[in-house]
1. Can you give me the number of residues within segment 1-31 that are of a type in the set (D, E, K, R) and at pLDDT below 75?
2. When the residues of segment 55-86 are narrowed to those that are over 15 Å from the mean Cα position of the chain (by Cα) and among the polar types (S, T, N, Q), which ends up farthest from A24 (Cα to Cα)?
3. Look at R114 and say whether it is among the basic types (K, R), free of Cβ contacts under 8 Å to residues at least 60 places away in the same chain and closer than 19 Å to P26 by Cα.
4. Please identify the pairs in which a residue from segment 19-30 that is in contact (Cβ under 8 Å) with a residue 24 or more places away in the chain and closer than 22 Å to A54 by Cα has its Cβ atom under 8 Å from the Cβ atom of a residue that is in a loop (DSSP other than H, G, I, E, B) and of a type in the set (A, V, I, L, M, F, W, C), counting only partners at least 6 apart or on another chain.
5. Name the single residue, out of those in segment 108-118 being surrounded by 15 or more Cβ atoms within 10 Å (Cβ to Cβ) and under 13 Å from the mean Cα position of the chain (by Cα), that is farthest from T32 (Cα to Cα).
6. Restricting attention to segment 52-64, and to residues there that are surrounded by fewer than 21 Cβ atoms within 10 Å (Cβ to Cβ) and in contact with a Leu (Cβ under 6 Å, 6 or more places away or on another chain), which single residue is nearest to R118 (Cα to Cα)?
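The values are calculated or read from the model by the stated rules, or taken from the named source; none is laboratory data. It should be emphasised that the depicted structure is a prediction, and the values quoted were computed from it without experimental measurement. Using ideal geometry, Cβ is built from the backbone for each residue, glycine included, and neighbour counts are taken over all protein chains shown. To get the accessible areas, we keep the full protein, side chains included, count just its heavy atoms, and leave off ligands, DNA and RNA. Shrake-Rupley method; radii C 1.70, N 1.55, O 1.52, S 1.80 Å.
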Amino acid sequence: LPSVGGGFQIGDGNLNEIFLGEMADPQTATATATLTAAQVTGGVLVANPSTTAASYTLPTVALTEAVLTNAKVGSTFELALVNLGTSSGAVTVLVGTGWTIVGNAVVAVTSSARFLARKSDVSAWVLYRVA
C-alpha cells in the first residue's frame, strides 16, 4: 500500500487485469414473504413471483444485525434484486422494523434493481434504491 495519497492498488497495476470477487449462491424468493437476513445480505436475490405481484418485507434490523455483528454506523452492503416474474409479477420491497426505504421500492416484471443498505444509527438502517 502506498504511504502517501488516498488510494490503493490491486495487483501490479496492470489495467487489463480482471478484478475477481466472490459471492455465495444467489438467494431466492417466490410469493409474498418476510425476507430472512441471509436473503437480504447475500448480495443477489432472485425473485420469481410468477404471474401475481409479491411484497417482500425486510427482516427486522435486530435480525439483520444478528448476521452483521461487526456493523457500525456508516457500514453498507449491496443487494441486487432480479425479478423473473411474468405478466403482473412486480415485486415491492417493504420496510421491516428499524428500516427506511429511499427511492422506488417496486421492481418491475422482468427487470432488476440495485439497492445499497446503510446503517444510519444504532438499530436503524436505510435501504437506498441506487439503480
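1. In the first step, residues of segment 1-31 are kept if they are of a type in the set (D, E, K, R); the result is 12, 17, 22, 25.
Remaining after also requiring at pLDDT below 75: 12, 17.
Counting residues in segment 1-31 that are of a type in the set (D, E, K, R) and at pLDDT below 75 gives 2.
2. Of everything passing the filter in segment 55-86, T86 is farthest from A24 (Cα to Cα).
3. Values: among the basic types (K, R): yes; free of Cβ contacts under 8 Å to residues at least 60 places away in the same chain: yes; closer than 19 Å to P26 by Cα: yes.
Criteria met by R114.
4. A29/L35
5. Residues of segment 108-118 that are surrounded by 15 or more Cβ atoms within 10 Å (Cβ to Cβ), as a first pass: 109, 112-113, 115-118.
Restricting the remaining residues to those that are under 13 Å from the mean Cα position of the chain (by Cα) gives 112-113, 115-118.
On the way: S112: 17, A113: 18, F115: 19, L116: 22, A117: 21, R118: 24 Å.
This residue is R118.
6. Among those that are surrounded by fewer than 21 Cβ atoms within 10 Å (Cβ to Cβ) and in contact with a Leu (Cβ under 6 Å, 6 or more places away or on another chain), it is T57.
Residues checked against (1) open to solvent by 30 Å² or more (accessible area, probe 1.4 Å); (2) more than 11 Å from W125 (Cβ to Cβ):
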| position | (1), (2) |
| --- | --- |
| T34 | yes, yes |
| G42 | no, yes |
| V46 | yes, yes |
| A66 | yes, yes |
| G89 | no, yes |
| G96 | no, no |
| W99 | no, no |
